[in-house]
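A short worksheet on the structure shown next.
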Amino acid sequence: MSEVKISAETRSEFGKGAARRIRRESKVPGVLYGHGGETVHLTLPGHELLLALRTSNVLISLDIDGKTNELAIPKSVQRDPIKGFLEHVDLLLVKRGEKVTVEIPVHTEGELAPGGYLLEHVLNALPVEAEATHIPESVTVSVEGLEAGASILAKDIKLPNGTTLAVDEDAVVLQVLAAQAEETEGEEEAEGEEAAEA
């Protein structure tokens, strides 16, 4: 699991105007909360934060005003729906050794059995509990040779040591569906005749 160091500044200005000013300076407004402490309002460097957030559940080591160091994970990220730039970030304060519940992406490998089957991701991300400093980036599941009707449950997925499921173990994560059969020629001809009569 990667840990990224980012320098942040506390901020005392709030509201849309202040947020716009922060974003004009290529920075991102954010909040840090957790452990029953007061919420800390921060300004973070936009480019560094964007790079850090490319890794899901990245562990961020925050240097706040050059005085305090805190560990945090991203809890909520707001992006501009059109341009994609970061608008706001919520960070959850964590401590080394502490267990946290996060969602990790599910990747697949291998080919389904021949026959035009479709793989449905019922859960795109798997809720798990892991130590804050050892959150897996993702899990990979083999779908090699699976046919229609096959499904992979949460309990079927091998998790790294120290990581446990935070979802019902019988929850369906992936399932294989039969491809929808195309209309038969007879139905198409009948539809064509109806259209001609109309």
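Each residue of region 141-155 was assigned a 3J(HN,Hα) from its phi angle through the Karplus curve 6.51 cos²θ - 1.76 cosθ + 1.60 (θ = phi - 60°); the sequence is 10, 7, 10, 3, x, 6, 10, 3, x, 6, 9, 10, 8, 3, 5 Hz, with glycine and proline shown as x. Under the criterion of Cα pairs below 8 Å and six or more residues apart, the relative contact order for region 46-155 equals 23 percent. Once backbone amide H atoms are built at 1.01 Å from N, Leu153 has Val173 as its partners under 5 Å, excluding neighbours fewer than 5 places away on the same chain.
For region 1-83, the set of GluC sites (Glu not before Pro) satisfying both a DSSP loop assignment and a count of at most 16 other C-beta atoms within 10 Å is given as Glu13, Glu25, Glu38. For Val4, the amide hydrogen comes within under 5 Å of the amide hydrogens of Leu59, Ile60, Ser61, counting only partners 5 or more places away or on other chains and with H modelled in the peptide plane.
Distance from the Cα centroid of region 20-49 to that of region 67-102 is 9 Å (rounded to whole angstrom). Given a 1.4 Å probe and the protein chains all in place, what does the accessible area of Val172 round to, in Å² to the nearest 10? Approximately 50 Å² of Val172 is accessible to the 1.4 Å probe.
The angle separating the long axis of helix 185-197 from the principal Cα axis of greatest extent in the chain is about 90 degrees. For Val94, the residues whose amide H sits under 5 Å from its own are Leu71, Ala72, Ile73, ignoring neighbours fewer than 5 places away on the same chain, with H placed 1.01 Å from N. Look at the alpha carbon pairs under 8 Å that are at least 6 residues apart: their mean separation over the length of region 1-92 gives a relative contact order of 33 percent. Accessible-area rank, largest first, for Arg96, Arg24, Arg11: Arg24, Arg96, Arg11, with all protein chains present and a 1.4 angstrom probe. Using the Cβ of Glu129 as centre and a radius below 12 Å, the other residues enclosed give a net charge of -2, where K and R count +1 and D and E count -1. When only Cα pairs below 8 angstrom with a gap of at least 6 residues are kept, the chain shows a relative contact order of 17 percent. Accessible surface computed residue by residue for the chain, with neighbouring protein chains in place and a 1.4 Å probe, gives 61 Å² per residue. With the helix formula -39500 (n - 2.57) applied to DSSP H stretches of n ≥ 4, the chain reaches a computed 222 nm mean residue ellipticity of -4000 deg cm²/dmol.
The values are calculated or read from the model by the stated rules, or taken from the named source; none is laboratory data. Note that the structure is predicted; figures quoted are calculated from it, not measured. Every residue, glycine as well, gets a Cβ built from its backbone with ideal geometry; the counts of neighbours run over all protein chains shown. All accessible areas refer to the heavy atoms of the entire protein, side chains included, with ligands and DNA or RNA removed. Shrake-Rupley method; radii C 1.70, N 1.55, O 1.52, S 1.80 Å.
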